[in-house]
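Please read the structure below before turning to the comments.
The values are calculated or read from the model by the stated rules, or taken from the named source; none is laboratory data. Only a predicted model underlies this, so the values are computations on that prediction, with no experimental measurement involved. A quick note on method: Cβ atoms are made from the backbone with ideal geometry, for glycine too, and the neighbour counts reach across all protein chains shown. Heads up: the accessible areas ignore ligands, DNA and RNA and are worked out on the full protein's heavy atoms, side chains in. Shrake-Rupley method; radii C 1.70, N 1.55, O 1.52, S 1.80 Å.
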Amino acid sequence: TDRKKLHTAPVGQVFRLRPFHVLVATGGGYAGYRKYEDYKLEQLEKRGIEVPVKLASEWEVALYKSVPTRLLSRAWGRLNQVELPRWLRKPVYSLYIWTFGVNMKEAAVEDLHHYRNLSEFFRRKLKPQVRPVCCVHSVISPSDGKILNFGQVKNCEVEQVKGVTYSLESFLGPRISTEEMHFSQAPPGNSFQQQLVTKEGNELYHCVIYLAPGDYHCFHSPTDWTVSHRRHFPGSLMSVNPGVARWIKELFCHNERVVLTGDWKHGFFSLTAVGATNVGSIRIYFDQDLHTNSPSYSKGSYNDFSFISNNKEGIPMRKGEHLGEFNLGSTIVLIFEAPKDFKFNLKAGQKIRFGEALGSL
């Protein structure tokens, strides 16, 4: 008679999942997977073994594209906006820091409790002068990341990684009319590549920079140039990490991307921000009309926006100036015209930081 009654809650109430529970479980699982993948790659690199290129078949690409990565990316974006309890912030962010090797000593705010959600943590700013901009070389790295490939564009094909290429025209889309560009009419040519080269004796160059999830997620202007046009390609949001880039040909042409084109002192210049899984948003600071990762889009479509009007002659950008940001990590592709004596100061696979030299004359 003196026994107390035991009150139990309904099973559904006990096991009710809350957003931050899902966030912690998903993040923990992904962290372990990434750590294992990075370990395997490190072991291969230490042994000097080059990972062989094995391209995916059409059905494998179609199967991958059937995964609702856009829906998952929007859902991840929603989870990133969930405000974490103060007591949970340090454990969650510490797990992320450990997994991806984030250097918080460079962050403008080192206190982990300051970041209310993962989105704020991803888009953290750096301390002033922690990334000095190289003044000697003409082109600098627009972001932190890893150099996947660089060099001259040949036969209208660009290498995304060694041995795996994509079409220059498919990537950039049809040539923009010269009325929307500052430079004069390009000499007539037989190929799309020749049409982009506006000055005799110049060549077309490219550089691909992969931003890992632990990198600084903002990107900056790589040189002094004027942005005349924006082209937005809605598309898939497949992963762009080096392993997938070796597997899927024309990966960057499948994915959503924002192409900024214009001119610099040597002619044509372009910077393309390529989206990826869980990168639900690409933001360009001076372009308020840009909206990426919409729920629906027409396959193969793109939309253009010109920054040239009666009152404007494009958007002038200074070397090192803030240009935009990703939500998580992705890829930056530079394609530009320069004289034949332009030289890259890079090695494929090297880590690079915003402000460091890419190349010069």
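If you take the residues in region 259-286 that are in contact with an Asp or Glu (Cβ under 7 Å, 6 or more places away or on another chain) and closer than 18 Å to ARG74 by Cβ, which one is least open to solvent (accessible area, probe 1.4 Å)? Step by step, filter region 259-286, then rank; the result is GLY275. Taken together, the residues in region 228-248 that are touching a residue at least 60 places away in the same chain (Cβ under 8 Å), in contact with a Ser or Thr (Cβ under 7 Å, 6 or more places away or on another chain) and under 24 Å from GLY163 (Cα atoms) amount to 4. Screening ASP215, ASP304, ASP224, ASP263 for residues that are out of contact with any Ser or Thr (no Cβ under 9 Å at 6 or more places or on another chain) and among the charged types (D, E, K, R) leaves exactly one candidate, ASP304. The residue pairs whose first member lies in region 105-119 and is among the β-branched types (Val, Ile, Thr), whose second member is at pLDDT 90 or above and assigned to a loop (DSSP other than H, G, I, E, B), and whose beta carbons are closer than 8 Å, counting only pairs six or more residues apart or on different chains, are VAL109/TYR115.
Considering only residues that are assigned to a loop (DSSP other than H, G, I, E, B) and open to solvent by less than 20 Å² (accessible area, probe 1.4 Å), look in region 139-182 and name the one that is farthest from GLY267 (Cα to Cα). So, considering only residues that are assigned to a loop (DSSP other than H, G, I, E, B) and open to solvent by less than 20 Å² (accessible area, probe 1.4 Å), the one farthest from GLY267 (Cα to Cα) is ASP144. You will find that of SER298, SER294, the residue that is surrounded by fewer than 13 Cβ atoms within 10 Å (Cβ to Cβ), within 19 Å of the chain's Cα centre (by Cα) and of a type outside the set (A, V, I, L, M, F, W, C) is SER294 and no other. HIS113 satisfies every condition listed in (1) touching a helix residue (DSSP H, G or I) at 6+ places or on another chain (Cβ under 7 Å); (2) open to solvent by less than 20 Å² (accessible area, probe 1.4 Å) except (2).
Does ASN293 fit the bill of being out of contact with any strand residue (DSSP E or B) (no Cβ under 9 Å at 6 or more places or on another chain) and either within 27 Å of SER360 (Cα to Cα) or not in a helix (DSSP H, G or I) (or both)? In short, no. The residues listed here are HIS229, HIS206, HIS217; of these, the one that is open to solvent by less than 10 Å² (accessible area, probe 1.4 Å) and under 28 Å from SER309 (Cβ atoms) is HIS229. Within region 316-357, the residues that satisfy the criterion of being surrounded by fewer than 21 Cβ atoms within 10 Å (Cβ to Cβ), over 18 Å from the mean Cα position of the chain (by Cα), touching a residue at least 60 places away in the same chain (Cβ under 8 Å) and part of a strand (DSSP E or B) are PRO316, PRO339, PHE344, ALA357. Whether a residue is assigned to a loop (DSSP other than H, G, I, E, B) and farther than 26 Å from GLN350 by Cα was assessed, and SER228 does not pass this test.
Scanning region 61-106 for residues that are within 22 Å of SER296 (Cα to Cα), among the hydrophobic types (A, V, I, L, M, F, W, C) and surrounded by 16 or more Cβ atoms within 10 Å (Cβ to Cβ) yields VAL61, TRP76, LEU79.
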